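Peer 1: Here you go, one structure.
All of the numbers you see were taken from the coordinates with simple rules; none came from a lab. None of the values given here were measured: they were computed from a predicted structure. So basically every Cβ, Gly included, is an ideal-geometry build from the backbone, and we count neighbours across all protein chains shown.
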Amino acid sequence: MTSYTEGFSRDGEAIRAALDGNWEKALELNQSLLQDSPEHIPTLNRLARCYSQLGNDELAGSTYEKVLSLDKFNLIAKKNCALLKEGHCVPSG
């Protein structure tokens, strides 16, 4: 299990990779973070963004749908679902 402060540095590393446009690295880092916290909404939103940037809109959409199943008011997921699927993302579960 990851320590509390280590999680912050790993989050920062994932964010930095995305800001640098290194989407494959950002994808790996976010997937790794989810192993410790599979329902961490900010990480799921970042993961979905990675999928989208890498051209996998289907996985991006399903990841945003997972976010909406956890938090139906999440504006990031709602906005990006609308952009991906013309508003057809719906919460799963």
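Peer 1: Give me the number: length gained by fully extending LYS85 to ASP57, i.e. 0.36 nm times residue separation minus the C-alpha to C-alpha distance, one decimal in nm.
Peer 2: Fully extending the segment from LYS85 to ASP57 adds 9.2 nm.
Peer 1: Follow-up. Within 11 Å, Cβ to Cβ, of LYS25, how many net charges do the neighbouring residues add up to if Lys/Arg are +1 and Asp/Glu are -1?
Peer 2: -3
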